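Q: First the structure, which I've put down as structure tokens, then a few questions once you've had a look.
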Amino acid sequence: MSNPPLSSVLALLRAHARIEEQFGNALGSIHGLALKELLLLMHLSAAPKLRLSRIDLAKRLHVSASTVTRMTQPLEKLGMVGRQADPRDARLAYVVLTAAGQRLAKDARATLERSSEALFRDRWTKPEIATLAGLLGRLTAGLPGELV
């Protein structure tokens, strides 16, 4: 029995796993980053003042705030991110992208772009890739954290 919605979701999950493994391996071997760590750095790069709260990062990355804390600790030790207290609210702290983090994010994003191009090369035409981007964009419309 055919079930196109289920088949689509299962295909998306397989594609996600393949992309995460393939891109994660490339980012790890070249830059020492996991894919989610790069996404975290990219979100900070796109944020006003290069900073976001852990809660905002968690929403954008679709993870828990405690996961963001675990992700940022090694990045902080490496000097890629820092912490910044909110002067008006002592309960609120920001994760801030450092200059070194900005350079790493830029370099790793270039690797991600090359990996993305290689993924589709010889498989799909540019119009097909644009159609896929549009369809997936409709699926994720309204979710926080769009990066382009």
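Q: Quick test for you: out of A141, A93, pick the one residue that is loosely packed, with under 11 Cβ neighbours inside 10 Å and over 14 Å from the mean Cα position of the chain (by Cα).
A: Working: A93 fails: loosely packed, with under 11 Cβ neighbours inside 10 Å.
Just one listed residue meets the conditions, A141.
Q: A further question on this structure: In the set V96, V63, V68, V81, which member is β-branched (V, I, T), under 27 Å from L139 (Cα atoms) and either at pLDDT below 95 or touching a Leu at 6+ places or on another chain (Cβ under 8 Å) (or both)? Lay out the reasoning, then the answer.
A: Values: V96 fails: under 27 Å from L139 (Cα atoms); V63 fails: either at pLDDT below 95 or touching a Leu at 6+ places or on another chain (Cβ under 8 Å) (or both); V81 fails: under 27 Å from L139 (Cα atoms).
It is V68.
Q: Any chance the range 56-79 includes a residue that's assigned to a strand (DSSP E or B) and among the hydrophobic types (A, V, I, L, M, F, W, C)?
A: From the range 56-79, those assigned to a strand (DSSP E or B) are none; that's our starting set.
The answer is no; no qualifying residue exists.
Q: Of all residues being within 25 Å of the chain's Cα centre (by Cα) and of a type outside the set (A, V, I, L, M) in the range 1-19, which is farthest from L139 (Cα to Cα)? Just the residue, please.
A: Keep residues of the range 1-19 that are within 25 Å of the chain's Cα centre (by Cα), which gives 8-19.
Narrowing the set further to residues that are of a type outside the set (A, V, I, L, M) leaves 8, 14, 16, 18.
Working: S8: 12, R14: 17, H16: 14, R18: 19 Å.
Going through the qualifying residues, I end up with R18.
Q: All but one of (1) modelled with pLDDT of 95 or more; (2) in a helix (DSSP H, G or I); (3) under 22 Å from L61 (Cα atoms) hold for L139; which doesn't?
A: All conditions pass for L139, except number (1).
Q: How many of the residues making up the range 1-33 are in a loop (DSSP other than H, G, I, E, B) and modelled with pLDDT under 95? First the steps, then the outcome.
A: Let us first name the residues in the range 1-33 that are in a loop (DSSP other than H, G, I, E, B), namely 1-3, 32-33.
With modelled with pLDDT under 95 added as a condition, the list becomes 1-3.
Residues that pass the stated criteria total 3.
Q: Would you mind stating whether L44 is touching a helix residue (DSSP H, G or I) at 6+ places or on another chain (Cβ under 9 Å), under 26 Å from T111 (Cβ atoms) and outside any helix (DSSP H, G or I)? It would help to see each step written out before you state the result.
A: Values: touching a helix residue (DSSP H, G or I) at 6+ places or on another chain (Cβ under 9 Å): yes; under 26 Å from T111 (Cβ atoms): yes; outside any helix (DSSP H, G or I): no.
No.
Q: When you go through (1) under 23 Å from E21 (Cα atoms); (2) free of Cβ contacts under 8 Å to residues at least 12 places away in the same chain one by one for A65, which number turns out not to apply?
A: (1)
Q: Among (1) out of contact with any Phe, Trp or Tyr (no Cβ under 6 Å at 6 or more places or on another chain); (2) among the aliphatic types (A, V, I, L, M); (3) part of a helix (DSSP H, G or I), there is one condition I129 misses while meeting the rest; what is its number?
A: Failed condition: (1).
The values are calculated or read from the model by the stated rules, or taken from the named source; none is laboratory data. Fair warning: this is a prediction, and the values are worked out from it, not measured in the lab. Backbone-built Cβ (ideal geometry, glycine too); neighbour counts: all protein chains shown.
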